[in-house]
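*Asks:* Below you'll find the structure I mean.
FYI, it's all coordinate maths here, none of it is from the lab. Everything quoted here is computed from the prediction, not taken from an experiment. Cβ placement follows ideal geometry from the backbone for every residue including glycine, while neighbour counts extend to all protein chains displayed.
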Amino acid sequence: VLLAPAFSLRAADHLVAPADLHQAIIESAENRAGNLKKVQGFFASDSVRTRLAVAGFDVKKVETALPQLSDDELRRLASQTQKIEADISAGALTNQQITYIIIALATAVIILVIVVA
C-alpha cells in the first residue's frame with residue numbers, strides 16, 4: 001500500500017521537461033560560443049597582438065588557452081574585454097594603461113589554464 005503512490009508517478013512528471021533542458025543546453029552553448037568569439041576577437045586585434053608581443057607574450061599560447069576556460073571564466077573575461085574596448089574607444093585610457101590591462105588579461109588566461117590543468 002505504501003508503494004502505490006510511487007508506482008503512480010509517470011515518466012512524464014519530471015521536474016524539468018526534456019525540451020526545456022535541451023533548450024537550456026543550446027542557450028548555454030550559444031552563450032559560450034559568443035563569449036569565446038568576443039574574447040578571441042579582442043586578442044586578435046592588431047593593437048593587442050602588438051602590445052603582447054612587445055611584452056614578450058606568445059599570442060598563440062593565449063589563443064590556445066582561451067577555449068580551455070570554463071563558461072564562467074569566459075563570461076567574465078568577455079565582459080572585461082568589452083569594457084576595455086569601450087574605454088579604449090572613448091579615449092579613457094592611456095597607452096600605458098591599455099598595455100598593462102592587456103598584459104594582465106593575458107596573464108590571467110594563462111594562469112587560469114595552468115591552475116585548471
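*Asks:* Which one, Ala65, Ala90, Ala53, has the greatest fluctuation when you compute a Gaussian network model over the chain with C-alpha springs under 10 angstrom?
*Replies:* For the chain, modelled as a Gaussian network with Cα springs under 10 Å, the answer is Ala90.
*Asks:* So what are the ³J(HN,Hα) numbers for the stretch 38-50, from phi and the Karplus equation (6.51, -1.76, 1.60; θ = phi - 60°), rounded to whole Hz, Gly and Pro as x?
*Replies:* Along the stretch 38-50, the couplings run 4, 5, 4, x, 4, 6, 8, 5, 4, 5, 5, 4, 5 Hz.
*Asks:* From Cα pairs below 8 angstrom and at least 6 apart in sequence, can you work out the relative contact order of the chain, rounded to a whole percent?
*Replies:* Relative contact order of the chain: 30 percent.
*Asks:* Quick check on the chain: helices-only [θ] at 222 nm, where DSSP H runs of length 4 and up contribute -39,500 (n - 2.57) each and the sum goes over total residues. Nearest 500, please.
*Replies:* Computed ellipticity for the chain at 222 nm equals -25000 deg cm²/dmol.
*Asks:* A further question on this structure: Taking only Cα atoms and a 10 Å spring cutoff, compute GNM fluctuations for the chain and point out the largest among Gln80, Gln23, Gln68.
*Replies:* Of the options given, Gln23 has the highest mean-square fluctuation.
*Asks:* Name the most mobile residue of Ile26, Ile84, Ile103, meaning the one with the largest mean-square fluctuation, in a Gaussian network model of the chain with Cα contacts below 10 Å.
*Replies:* Most flexible of the set in this elastic network: Ile26.
*Asks:* What does the net charge come to around Leu66 if you take all other residues with beta carbon closer than 12 Å to its beta carbon, with K and R at +1 and D and E at -1?
*Replies:* Once all neighbours under 12 Å are counted, the net charge is +3.
*Asks:* Place +1 on the Cβ of every Lys and Arg and -1 on the Cβ of every Asp and Glu in the chain, take the dipole about the Cα centre, and give the residue among Thr99, Gly34, Val115 whose Cα lies farthest towards its positive end.
*Replies:* It is Thr99, whose Cα lies furthest towards the positive end.
*Asks:* Another one. Please pull out the direction-averaged projected area of the chain, using the convex hull of its alpha-carbon atoms, in nm² to one decimal place.
*Replies:* 10.9 nm²
*Asks:* Okay, moving on. For the stretch 54-117, what does the alpha-carbon gyration tensor say about shape, rounded, prolate or oblate, given a ≥ b ≥ c as the root eigenvalues, a/c under 1.5 as rounded, and a/b over b/c as prolate?
*Replies:* It is oblate, given that a/c is not under 1.5 and a/b is not larger than b/c.
*Asks:* Also, quick follow-up: For the stretch 28-91, rounded, prolate or oblate, judged on the Cα gyration tensor with a ≥ b ≥ c (square roots of eigenvalues), a/c < 1.5 rounded, else prolate if a/b > b/c?
*Replies:* Oblate, because a/c is 1.5 or more while a/b does not exceed b/c.
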